[in-house]
Amino acid sequence: MKNKALFLLLLAGLTAGCRFRSSKDNDDDDNDTTSGAVAQGGGSTVYNLDNSAAVKTAQLNLEAGALTVNLSDTTGKLFNAVVKNTARKFELSQQTTGDAEAVNFISKGHDHKFHDDSARADLRLNANLQWDIKAKLGATQCDFDLSKFKINKLDLSCAAAELNVKLAPVLADTYVEIKASLGDLTIRIPQGAACEVHVESALADNDFPGFVKKDDNHYETQDFATAKNKIHINANFSLSSFKIERY
């Protein structure tokens, strides 16, 4: 795509009637919920959550809109984020249940309709944990290099977004759920990685080179059934472009 900003602006304009709003968890439960540390300076806001040796698994719940989101680097903490060039605020909290953590990083108090090229959030996760990631994204450009992380499940819900996701079958099974409208999504997987795709699409452009078509909506790589580690993708698209590339 020659002009990513123009693409996102156009798509955001087409969805002007559907505003992105952040949500909050108002459940009354017994989980231990705490807020993260926040520091400001030099035009940036830094968010941190400390890690505990007792934690084995974690889930990142992310809601963001109208900015660029990058997730590729690791941290010795549980979670780190640096938000730049925007007055937009995020709410950071965590919920601890036994050896599991839920990390909530939620954009606050804005209706996001148009992408801001200068605004960005750089996220870092602890690579020693097994992660589930659930992201709700609007008018957003996202670059997720998850190849160094133990990803159990990636759940993406997006509108008017451009997403580039890099995966590796680090675990026996990695599950990807995608719901997208008016977007452009590329998933990159290693050469030789075992992968299957179930896709439902309306007025969408799909491209899966190297996959064998099993039926109208189901594609698999060669020797998928006998592979030790597998990537499972379930996608639902409308007015979007979806392709899978090898690296």
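Throughout, read-outs are computed from the coordinates displayed, never taken from laboratory work. Computed from a predicted model, the values in this text were never measured in an experiment. Note: ideal-geometry Cβ built from the backbone for every residue, glycine included; neighbour counts use all protein chains shown.
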Completion exercise
Plugging the Cβ-Cβ distance of A225 and A87 into 1/(1 + (r/R0)^6) at R0 = 41 Å yields, to the nearest 0.05, a FRET efficiency of 0.20
Fill in the blank from the handout: With T = 37 °C, eta = 0.692 mPa s and Kirkwood Rh from C-alpha pairs, the Stokes-Einstein D of the range 89-233 in µm²/s is about 195
Completion exercise
In this structure, the FRET efficiency calculated for A202 and A53 from their beta-carbon separation, with R0 = 41 Å, to the nearest 0.05, is 0.30
Handout entry: Set K56/K213; K108/K230; K56/K243; K136/K228; K84/K166; K148/K230 screened for pairs whose C-alpha atoms are more than 26 Å apart
Key = K56/K213; K108/K230; K56/K243; K136/K228
